[in-house]
Amino acid sequence: MRQGALPVGLLAGALLLGGCGTSPTAGTTGSAPGDNPYAAYETLTGKERTDTLLAAARSEGGAVDLYTSNTDIQDLVDGFRNAYPGIEVNAFRANSETVLQRASQENQANKPQNDVMDTNDLELRALDAQHLLHPYQGPAEAGLKDAAKNLGGWTAERFNAFVVGWNTDQVRAGEEPRDITDFADPKWKGRLSVEVGDWDWYASIHTYLTEEKGMSPSDADDLFKKIAANVKVVKGHTVQGELLSAGQFAVALSVYSHTVDKAAKKGAPVAWRPAVEPVILRPNGVALMAHPRHPAAALLWTDWVLTEGQKIIARSLRIPAAEDVPGYEEPVPAGTTTYSLSKTAENDTVKWNTAYDALLRGVPTAG
Amino acid sequence: MTLASTSTTSRDDDPASRPGPAPRPGENKPVDRLLRLLRRPLSFQGLLVGVAVVVVGYLALVPLGYLVHDTFLGSGGSGVSLDAFARAYGGNSQAGQMLLNSLWFAVGSAALALTLGTALAYVQVRTDTPFKGLFFAASLVPLIVPGILYSTSWIFLGDPSTGLLNSLLFKPLFGSSPINIYSVWGMIWVQGLHLAPVTFLLMVAAFRAMDPSLEESAAMSGASRLTVLRRITVPLLRPAMISAALLMFVQSLESFEVPGLLGLQNGIYVFTSRIYFVLRAYPIDYGAAGAYAIGLLVIAAMGVLLSGWLQRSSRNFQTVGGKAFRPRPVELGRARPYVGAGVILYFLVTVILPVGVLVYASLLKYYTAPTSKTLGRLTLDNYRAVFTMPLAFTALKNSLIVGIGAATAVMFLAAIVAWVVLRTKAPGRRVLDLLAFTPIVIPGLVLGLALSFVYLRMPLPIYGTLLILLISYCTRYLPYGMRYASSAMAQMSPELEESAAVSGASWFQTFRRVLLPLMSGGILAGWVYILVVSFRELSSTILLYSPGKEVLSVLIWEQFENGQFTTLAALGVCMVALLVLLVSVAYRLGARFGLQSDSAN
């Protein structure tokens with residue numbers, strides 16, 4: 001009996017379909033240089049800039065399409081609406097990987113759907129490498145910290161601090177760890193937790209130890225093996241935070257400072273200060289898309305986020321990118337060693353991801 | 001009274017009764033009918049069947065084509081290569097060890113779910129057990145609670161040091177803490193309970209379509225209860241049981257919620273943790289992700305072929321024939337209180353304990369074990385937060401539209417395609433069956449990417465609308481719909497269709513007036529399942545939804561990402577309440593349209 005007749009037609013259809021496009025994952029839209037949708041506004045300053053942008057944003061349709069992985073975005077959206085009533089913010093919220101995938105796919109199909117991007121540094125760098133972003137130019141730059149500027153096609157709007165958090169019932173006063181190397185001690189066995197996807201934390205600490213502390217790579221590997229022998233692996237930072245509050249383990253080796261601060265504010269027995277060194281700072285940024293549908297509204301949003309919006313970012317217990325935010329207290333205590341991932345390590349994402357996976361599973365790291 | 005009965009011979013491996021209708025002069029009737037349909041492609045019936053087959057094939061082939069393309073062609077597009085498989089399975093991936101863990105976990109979960117679900121369905125449909133009302137909740141609530149919440153509830157219950165079962169029950173009473181949820185057995189327990197409703201729904205439909213007179217005859221002939229169960233009941237239900245086992249086995253293989261939350265703590269890695277890793281990295285190695293999915297596909301395909309082979313003598317299972325039967329409950333007699341107690345216990349363990357923990361957590365600011373101090377500080381703040389979410393109403397509306405739409409569309413398509421697969425000898429029907437099963441192994445993210453790739457390039461306005469979510473859900477739940485529909489159809493003898501045809505009914509009339517009503521139990525069960533699970537589908541949704549088109553699972557994800565576990569618990573509790581309500585309405589409506597109910601028994 002012929003088994004194939006029915007699916008043959010279907011298969012032919014699928015082949016036709018597959019033939020319509022090139023490779024689904026490769027290729028980018030080339031952006032023609034000189035074709036700058038923001039040219040009319042970039043050099044303006046002060047009230048003239050705001051007025052021109054607002055008028056142009058209204059005539060564009062009075063909306064801005066934003067893709068974001070910022071979980072506190074609603075506060076920014078509300079703040080922007082108060083500042084500019086009549087300009088609607090359509091926010092697509094997803095995790096950073098999804099935001100990246102979506103924007104890449106849409107641009108590959110030549111159907112860009114968003115004007116602004118608000119997500120993590122890794123994803124912004126990936127988008128920038130595809131020439132999908134347009135560097136921000138405006139007066140707001142002057143007020144930003146040095147680390148927030150000159151990053152290519154994007155600008156940092158806030159920093160996340162990866163810290164070591166602990167349960168204050170489980171870790172008594174005086175027993176608090178001071179340095180990441182302390183956790184190799186067997187007394188922590190079964191009391192530590194790491195998140196299964198936090199390879200970027202691993203990459204940061206590893207390069208900090210080798211590049212800043214002068215540790216040899218094999219010593220750093222040994223240290224991590226000892227730490228890994230003490231850890232429980234969890235999936236998801238929220239579950240990790242909740243289990244830490246509940247006392248299921250004593251220490252979470254990589255949590256956001258704002259997660260711990262929010263829980264402590266509600267009364268949970270958790271703390272991260274005095275900070276275990278080093279505190280890892282990761283920039284999260286805002287970026288203008290190279291092919292926006294609403295360029296004026298996009299620029300208006302970015303101007304606002306980098307100035308007035310900084311107060312809202314500070315209120316959500318994150319670290320703003322602006323040098324000076326009135327009434328704001330830096331959460332990381334002065335004098336704490338902070339570290340940001342070095343440029344060389346940033347590009348080796350596959351290497352770090354594989355190494356972290358292998359470390360947790362306890363397989364010999366052969367490379 | 002229901003129209004139905006049996007023409008079953010208990011066991012019959014006689015080659016004369018192979019698939020298809022009895023060898024009579026009209027042997028090739030359904031084939032002829034299909035051919036007639038295809039020869040008249042512009043007739044309504046021909047169009048209906050043709051369109052259904054094409055749509056199902058299209059739904060399944062889009063993500064499969066995308067997956068195969070990425071796996072074998074590589075991103076360079078330079079010819080066919082198997083590099084992706086080397087990256088996925090070679091090196092220090094420990095793929096073998098992890099596959100073994102996965103198989104152990106999947107087999108254990110499927111076996112537990114199959115046993116529990118079947119036993120519950122039997123007690124529900126065929127006995128005069130007390131507390132039938134509780135079954136309804138016990139059978140569905142674990143399915144409704146999102147996996148992440150169900151697993152976390154069990155962590156709070158079964159953690160070896162602080163779990164409530166250990167600290168409040170075993171420690172004071174027996175002086176030990178025997179329960180450790182972070183073990184393979186813990187994982188099997190949670191996954192098995194979470195999946196048992198899949199079996200329960202399928203088996204309730206199957207038991208209702210089964211004539212008890214066979215069992216009665218056996219009992220009269222002196223067979224013991226156990227023999228009746230072993231020789232009559234179980235063999236007759238084989239299509240439904242195989243379908244359930246297959247669905248749950250493959251679903252356990254490809255899920256990462258329970259292994260991710262429970263297994264990792266003790267270093268128990270499963271196969272899907274590899275996929276999780278690959279999809280988290282950038283640039284994503286789609287080839288490797290595809291190679292893993294194809295590995296799962298091979299296992300699933302073997303499952304489908306095996307189930308086809310086990311059902312090869314399909315006449316053996318046709319319990320719905322031309323004669324009428326009246327299902328009569330087995331009187332439990334002295335066993336009744338014990339069965340009743342068992343029902344209560346099951347309800348307690350699968351519903352009250354985990355949902356109770358969720359309700360308790362939803363009333364807290366942060367989770368702590370209950371003490372007199374925490375009990376005095378309970379607050380409704382989290383519920384207030386849920387109801388004041390700006391998108392709550394939009395999301396609820398959209399979830400209802402997409403969920404009901406997908407459930408209806410899938411069950412309609414599946415009913416027609418199941419007919420083609422089981423009732424005709426159309427060439428390629430096995431391949432069609434297999435094809436309709438493939439979406440179950442496609443990772444949600446890959447499905448999302450495949451759909452956005454296609455619809456971004458299509459001139460039709462589908463991308464960015466609710467329609468693309470509907471297409472995605474129809475694809476994801478097609479395998480479930482197919483299993484529910486085909487196990488219902490496998491129980492029906494073709495003589496009913498033949499009688500209808502002889503009496504002059506057109507194909508469509510037969511389908512609508514005879515087949516669909518008789519299959520309604522299975523169809524409704526599949527519909528309920530798809531509706532419930534579509535409310536929590538996230539992995540493809542998150543890529544495909546658009547601002548203003550949010551669904552509930554996006555809100556759940558947002559709370560989850562934002563670290564608001566207690567708010568998430570409140571949202572979960574609201575969802576359970578809402579879906580229980582929806583499903584009871586569906587069953588009430590089903591009863592009005594002739595679906596038999598057991599409540600009177």
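The values are calculated or read from the model by the stated rules, or taken from the named source; none is laboratory data. These numbers come from a predicted model, not from an experiment. No Cβ is skipped: glycine too gets one built from the backbone with ideal geometry, and neighbour counts run over all protein chains shown.
In table form, for the structure just shown:
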item: Residue that is nearest to B:Ala570 (Cα to Cα), among those in region B:171-183 that are surrounded by fewer than 18 Cβ atoms within 10 Å (Cβ to Cβ) and modelled with pLDDT of 85 or more; result: B:Asn180
item: Options A:Pro139, A:Pro135: the member that is surrounded by fewer than 21 Cβ atoms within 10 Å (Cβ to Cβ) and at pLDDT 95 or above; result: A:Pro135
item: Any chance B:Leu449 is away from chain A (no Cβ under 14 Å), assigned to a helix (DSSP H, G or I) and in contact (Cβ under 8 Å) with a residue 24 or more places away in the chain; result: no
item: Region B:142-170, subset farther than 18 Å from B:Val184 by Cβ and of a type in the set (S, T, N, Q), residue surrounded by the most Cβ atoms within 10 Å (Cβ to Cβ); result: B:Thr152
item: Condition met for A:Ser216 (in contact (Cβ under 8 Å) with a residue 24 or more places away in the chain and either over 17 Å from B:Leu568 (Cβ atoms) or at the interface with chain B (Cβ under 7 Å from one of its Cβ atoms) (or both)); result: no
item: Count of region A:66-99 residues which are under 24 Å from B:Leu445 (Cβ atoms) and more than 7 Å from chain B (Cβ to nearest Cβ); result: 8
item: Matching option when the condition is surrounded by 13 or more Cβ atoms within 10 Å (Cβ to Cβ), without any contact (Cβ under 8 Å) to a residue 24 or more places away in the chain and in contact with a helix residue (DSSP H, G or I) (Cβ under 7 Å, 6 or more places away or on another chain), among B:Thr368, B:Thr374; result: B:Thr368
item: Residue within region B:238-252 that is assigned to a loop (DSSP other than H, G, I, E, B), of a type outside the set (Gly, Ala, Ser) and touching a residue at least 12 places away in the same chain (Cβ under 8 Å) present; result: no
item: Top-ranked residue in region A:251-274 [being in a loop (DSSP other than H, G, I, E, B) and surrounded by fewer than 20 Cβ atoms within 10 Å (Cβ to Cβ); ranked as nearest to the other protein chains (Cβ to nearest Cβ)]; result: A:Lys266
item: Qualifying helices (runs of 4 or more DSSP H) (wholly inside region B:67-149; at least 2 residues being more than 25 Å from the chain's Cα centre (by Cα) and away from chain A (no Cβ under 12 Å)); result: B:83-89
item: Given (1) at pLDDT 90 or above; (2) under 22 Å from A:Val234 (Cα atoms), index of the condition B:Asp159 fails; result: (1)
item: Residue in region B:203-224 that is more than 21 Å from B:Val446 (Cβ to Cβ), touching a Phe, Trp or Tyr at 6+ places or on another chain (Cβ under 6 Å) and modelled with pLDDT of 85 or more present; result: no
item: Any pair with Cβ under 9 angstrom, 6 or more apart, that starts in region A:52-76 at a residue that is closer than 17 Å to A:Glu308 by Cα and ends at one that is assigned to a loop (DSSP other than H, G, I, E, B) and modelled with pLDDT of 95 or more; result: A:Leu54/A:Tyr84; A:Leu54/A:Ile87
item: Filter result for the condition that a residue is more than 9 Å from chain B (Cβ to nearest Cβ), in a helix (DSSP H, G or I) and closer than 25 Å to A:Arg318 by Cβ, over A:Ala156, A:Ala103, A:Ala126; result: A:Ala103
item: Any hit, region B:475-494, residues being of a type in the set (Ser, Thr, Tyr), farther than 30 Å from A:Pro112 by Cβ, without any contact (Cβ under 8 Å) to a residue 12 or more places away in the chain and part of a loop (DSSP other than H, G, I, E, B); result: no
item: Qualifying residue in region B:561-573 (condition: more than 25 Å from the chain's Cα centre (by Cα), within 14 Å of another protein chain (Cβ to nearest Cβ) and of a type in the set (Phe, Trp, Tyr)); result: yes
item: Selection status of B:Ala525, in contact (Cβ under 8 Å) with a residue 12 or more places away in the chain and farther than 18 Å from B:Arg588 by Cα; result: no
item: Residue match in region B:518-525 (condition: within 14 Å of another protein chain (Cβ to nearest Cβ) and surrounded by 22 or more Cβ atoms within 10 Å (Cβ to Cβ)); result: no
item: Extreme residue, farthest from A:Ala275 (Cα to Cα), among residues of region A:302-335 that are crowded, with 24+ Cβ neighbours inside 10 Å and out of contact with any Leu (no Cβ under 8 Å at 6 or more places or on another chain); result: A:Gln310
item: Residues of region B:358-377 classified as within 11 Å of chain A (Cβ to nearest Cβ) and touching a Phe, Trp or Tyr at 6+ places or on another chain (Cβ under 7 Å), total; result: 2
item: Unmet requirement for A:Ala83, which otherwise passes all of (1) at pLDDT below 95; (2) among the hydrophobic types (A, V, I, L, M, F, W, C); (3) surrounded by fewer than 21 Cβ atoms within 10 Å (Cβ to Cβ); result: (1)
item: Total residues in region A:114-123, condition within 11 Å of chain B (Cβ to nearest Cβ) and surrounded by 23 or more Cβ atoms within 10 Å (Cβ to Cβ); result: 2
item: Unmet requirement for B:Leu364, which otherwise passes all of (1) over 26 Å from B:Val250 (Cα atoms); (2) modelled with pLDDT under 85; result: (2)
item: Enumeration of residues in region B:114-131 that are modelled with pLDDT under 85 and over 15 Å from B:Arg208 (Cα atoms); result: B:Thr129, B:Pro130, B:Phe131
item: Residue match in region B:418-436 (condition: among the polar types (S, T, N, Q), assigned to a helix (DSSP H, G or I) and within 14 Å of chain A (Cβ to nearest Cβ)); result: no
item: Inter-residue pairs, beta-carbon under 6 Å, first assigned by TED's automatic domain parsing to the domain that holds A:Asn230 and in region A:186-200, second among the aliphatic types (A, V, I, L, M) and surrounded by fewer than 22 Cβ atoms within 10 Å (Cβ to Cβ), 6+ apart; result: A:Arg191/A:Ala250
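Residue by residue, here is whether (1) at pLDDT 90 or above; (2) under 21 Å from the mean Cα position of the chain (by Cα); (3) assigned by TED's automatic domain parsing to the domain that holds A:Ala147 holds:
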{"residue": "A:Lys262", "(1), (2), (3)": "no, yes, no"}
{"residue": "A:Ala268", "(1), (2), (3)": "yes, no, no"}
{"residue": "A:Val276", "(1), (2), (3)": "yes, no, no"}
{"residue": "A:Ala287", "(1), (2), (3)": "yes, yes, yes"}
{"residue": "A:His291", "(1), (2), (3)": "yes, no, yes"}
{"residue": "A:His294", "(1), (2), (3)": "yes, no, yes"}
{"residue": "A:Thr302", "(1), (2), (3)": "yes, yes, yes"}
{"residue": "A:Ser342", "(1), (2), (3)": "no, yes, no"}
{"residue": "A:Glu346", "(1), (2), (3)": "no, yes, no"}
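Results for (1) within 14 Å of chain A (Cβ to nearest Cβ); (2) in a helix (DSSP H, G or I); (3) within 25 Å of B:Gly147 (Cβ to Cβ), shown as yes or no for each residue.
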residue: B:Gly260; (1), (2), (3): yes, yes, yes
residue: B:Ile268; (1), (2), (3): yes, no, yes
residue: B:Ile275; (1), (2), (3): yes, yes, yes
residue: B:Ala300; (1), (2), (3): no, yes, yes
